[in-house]
1. Please state which one of LEU77, LEU111 is modelled with pLDDT of 95 or more and either aromatic (Phe, Trp, Tyr) or touching a Gly at 6+ places or on another chain (Cβ under 6 Å) (or both).
2. If only one of LEU281, LEU309 is over 11 Å from ALA255 (Cα atoms), surrounded by fewer than 21 Cβ atoms within 10 Å (Cβ to Cβ) and in contact with a strand residue (DSSP E or B) (Cβ under 6 Å, 6 or more places away or on another chain), which one is it?
3. Whether any residue in segment 427-437 is touching a Leu at 6+ places or on another chain (Cβ under 7 Å) and touching a residue at least 24 places away in the same chain (Cβ under 8 Å) is what I want to check.
4. Restricting attention to segment 363-378, which residues are buried (at least 20 other Cβ atoms within 10 Å of the Cβ), more than 12 Å from the chain's Cα centre (by Cα) and of a type outside the set (A, V, I, L, M)?
5. Pairs please, first residue from segment 455-469 and among the charged types (D, E, K, R), second anywhere and assigned to a helix (DSSP H, G or I), Cβ atoms under 9 Å, 6+ apart in sequence or on different chains.
6. Check whether at least one residue in segment 141-148 is closer than 18 Å to GLY91 by Cβ and in contact (Cβ under 8 Å) with a residue 40 or more places away in the chain, and report yes or no.
7. Restricting to segment 474-487, count the residues that are in contact with a helix residue (DSSP H, G or I) (Cβ under 6 Å, 6 or more places away or on another chain) and either modelled with pLDDT under 95 or over 22 Å from VAL414 (Cα atoms) (or both).
8. In segment 519-541, which residue that is under 36 Å from the mean Cα position of the chain (by Cα) and assigned to a loop (DSSP other than H, G, I, E, B) is surrounded by the fewest Cβ atoms within 10 Å (Cβ to Cβ)?
Amino acid sequence: MRRLTAGMLAGALGAFAFTVALGAAAGTVPEAAMTGDVATVKSLLKSGADVNAALGDGVTGLHWAARQGHEELANTLIVAGANVKATTRFGAITPLHLAAERGAGAIVAALVKAGADANAATATGATPLMFAAGAGDVATMTALLDAGAEIEAKERDREHTPLLFAAAAGRLDAVKLLLAKGANKNAATKVIDLMALSANGENPEGRNLAAKPETAPRSAPRAAGRPRTPGLDRGYLINEQVHTQGGMTALLFAARQGYMDVATVLLDAGVDVNQRKKGDLVSAMLTATVNGHFDLAKMLLDKGADPNLAAENGVTPLYAAINLMWAPRAGYPQPRAHLNQNIGYLEFMKALLAKGADPNARVNKKVWYTSHNFDLSGIEETGSTAFWRAAYAADVDAMKLLMSYGADPHIPTVKPPERGEFGDAGRRVIVDVSGVPPVPVAGPGVPALLASAGVGYGEGFAGNSHRFAPGGMLAGVKFLIEVAGADPNGRDHEGNNAIHHAAARGDLEMIKYLVSKGTDPLAVNREGQTTVDMANGPVQRVQPWPDVIKYLEGLGAKNNHKCLSC
């Protein structure tokens, strides 16, 4: 979520002012103040220079003194008659905003005494108290509050209050002060309905989605028989996956960032441990888990957080923990905090299960943050459970743990609706030759065994992103067949069996094991692909596997010689 910060505004101010200053006339008050040269400033003022002279963007000497926290320079300019309410042309920033951001309490007090408006708002509605709260300086905040600063003021972009600024920045003392002064501990940011914006052709950044729809790249993962459709990511509008943004509270910010001390203070102040976002219904414990802050999540659990509170997409903390542990490699930064926690993911999952977490809760839509919107997995995880997610990662330890608490290893994903997912030209199911009964929408999708065997690899990109346990994928397959009782001949909704997926990865060892357990090497999927075809470069991004081809041909599997990467 994009968040307004004082640093963003001050940084923009500094860059622009510096550029303008290079071309400013020598010997001006703001130019001398920019370097903190008190002697030159005093000399200029004695010679009659304008104390309120401004650079091209409206930055005055007092702005520079405030930004630098230069108390002597600020007092010199104030005594000389500097306009304490001067605003920049870019952002409407006053010296008081900059002094507050700096945490320069003495300068703030002097500015307020000289008539500065404690509730002056920037172009986005940010007040000095918000800047001070983000900086965490209690003396500055106290001076502003004593001068009448509004404790519940909201900036216009996302409606952050001073308390939200403080909590998001982890400013414990600032949070304590604001709570003591009566700040609304349950204040929340604005909720944005992305689907409604999409319906109007707009997104939160103001870009018109209807004017020029994006077309998915030719290299995107295919789904057989589904036409290419503009504006979709594997058949989903991004806004459909996220649906709503906002509704962040101080506790949720603390949970997202991993600020244990701030979260504790808020709970002690009476904030509900089960507080949820108004947007997507994510709880504080789930927020902490998704971002890898297992220690904080465990603290919330110990304080009574409900382990079965699911977000709008059906994700619970149990699912989120295993999902984060084996998050795909992605082009966007993934949370890494879980690697530095005192409690590991398995220990946290066990704690959740011991508190009554449902091991069979199912996700009800694609989880956008698994791969941060650009999904290379080639799978649709709707309907998956924490056990299925563990199977997809071949995490035997997690599967054992979940089964010991009643997880059903036979729950598959569900078949997604026809969503206009795009595919490579010529790869369409005209006649289903698999012999497998049709599967209705929302019927059984991908069994756990096929997830562990490598579902998605035949579509080209999964190998670039998929992460699994160090024991390897074969260990997961063996556990599922020998311990969990998975059907070696189970099929997914596209008609593949486990050998199809293993062949796409060139995993001869797994194929031999599956054959020994009775998996049919002659199976044909709905698209007409044999197990050999899956090993023979079915898409341009999958290389042929000669040893696998030879072995499967020796078992009687037909090679249709449709290699696209040869």
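1. Working: LEU111 fails: either aromatic (Phe, Trp, Tyr) or touching a Gly at 6+ places or on another chain (Cβ under 6 Å) (or both).
Residue meeting the stated conditions: LEU77.
2. Values: LEU281 fails: in contact with a strand residue (DSSP E or B) (Cβ under 6 Å, 6 or more places away or on another chain).
When all the criteria are applied, what remains is LEU309.
3. There is no residue in segment 427-437 that is touching a Leu at 6+ places or on another chain (Cβ under 7 Å) and touching a residue at least 24 places away in the same chain (Cβ under 8 Å).
4. LYS366, ASP375, SER377, GLY378, listed by residue number.
5. GLU459/ALA504; ARG467/MET325
6. Checked segment 141-148: no residue is closer than 18 Å to GLY91 by Cβ and in contact (Cβ under 8 Å) with a residue 40 or more places away in the chain.
7. Step one: list which residues in segment 474-487 are in contact with a helix residue (DSSP H, G or I) (Cβ under 6 Å, 6 or more places away or on another chain), which gives 474-477, 479-480, 486.
Remaining after also requiring either modelled with pLDDT under 95 or over 22 Å from VAL414 (Cα atoms) (or both): 474-475, 479.
So the answer is 3.
8. Across segment 519-541, the extreme among qualifying residues is GLN540.
The values are calculated or read from the model by the stated rules, or taken from the named source; none is laboratory data. Fair warning: this is a prediction, and the values are worked out from it, not measured in the lab. We place every Cβ from the backbone using ideal geometry, glycine too, and count neighbours over all the protein chains shown.
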